[in-house]
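K.L.:
What follows is a single structure, and I will ask about it in a moment.
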Amino acid sequence: MLPALYLNIGGGLDVTFNQKDMVVITGAIKTNGSCKLTAGIYEICFVGLRDLLVFPINGYNKRIFKINKALCEKIELKKPLVKEDIIEPKIGSLVLAWDATWDGIIKEQFVGHIQEIQDSPGRETFYIILANNKSTRVCENLVLLLEY
């Protein structure tokens, strides 16, 4: 495993870890001269003198393992966002929309203005976005607000 990346969230031996804290642990997959970094979020089960026993909070491999504290970055949770803190796009907002493959490669992206908001009860919210004289229907999860 590679040393933990500096994530500006605090870690190493000088940080106090507690049971139920969350940490980021990084690693790498090396093949034929290339190196792809990986990362996961883990919950601390037990705290030892130099090591932690951690459990992944997501993914398929749900086994507890031991790791040196110096390789962990503690995540300090901020106050949870409340609905009032979230700025929702409105008609006329400038947005970036995209479409990506399952492995995260962006197939298409465009910048445009919201013409219509389709928010039906029990369904996902969609935006009709006008870009390059073309209207496109896009799911709200694939839209980034640029200007309100």
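Every read-out reported here was derived from the displayed coordinates using simple, explicitly stated rules and does not represent laboratory data. Not measured: the values here are computed from a predicted model. Using ideal geometry, Cβ is built from the backbone for each residue, glycine included, and neighbour counts are taken over all protein chains shown.
K.L.:
When Lys69, Lys62 are ordered from fewest to most other Cβ atoms inside 10 Å of their Cβ, what list results?
P.N.:
Listing Lys69, Lys62 from fewest to most nearby Cβ atoms yields Lys62, Lys69.
K.L.:
Hey, another quick one. Counting other Cβ atoms within 10 Å, which trypsin sites (Lys or Arg not before Pro) in segment 112-148 have at most 14 and lie in a DSSP loop? Don't skip to the answer; put the middle values down first.
P.N.:
Numbers: sites: Arg123, Lys134, Arg137; in loops: Arg123.
Those satisfying the criteria are Arg123.
K.L.:
Would you mind checking which residues have amide H under 5 Å from Ser93's amide H? H placed 1.01 Å from N; only 5 or more apart, or other chain.
P.N.:
Result for Ser93 returns Ile114.
K.L.:
Another question, then. Please report the relative contact order for segment 93-132, taking Cα pairs under 8 Å with a sequence separation of at least 6, and give it as a percent rounded to a whole number.
P.N.:
In percent, rounded to a whole number, it is 33.
K.L.:
Related question: Which of the GluC sites (Glu not before Pro) across segment 40-148 are loop residues per DSSP, with 15 or fewer other Cβ within 10 Å?
P.N.:
Filter output for segment 40-148: Glu76, Glu124.
K.L.:
Which percent of the Cα-Cα distances in the chain go past 24 Å?
P.N.:
Details: 6015 of 10878 pairs.
Value for the chain: 55 percent of Cα pairs lie more than 24 Å apart.
K.L.:
Additional query: Which whole-number percent is the relative contact order of the chain (Cα, under 8 Å, 6+ apart)?
P.N.:
This gives 18 percent for the chain.
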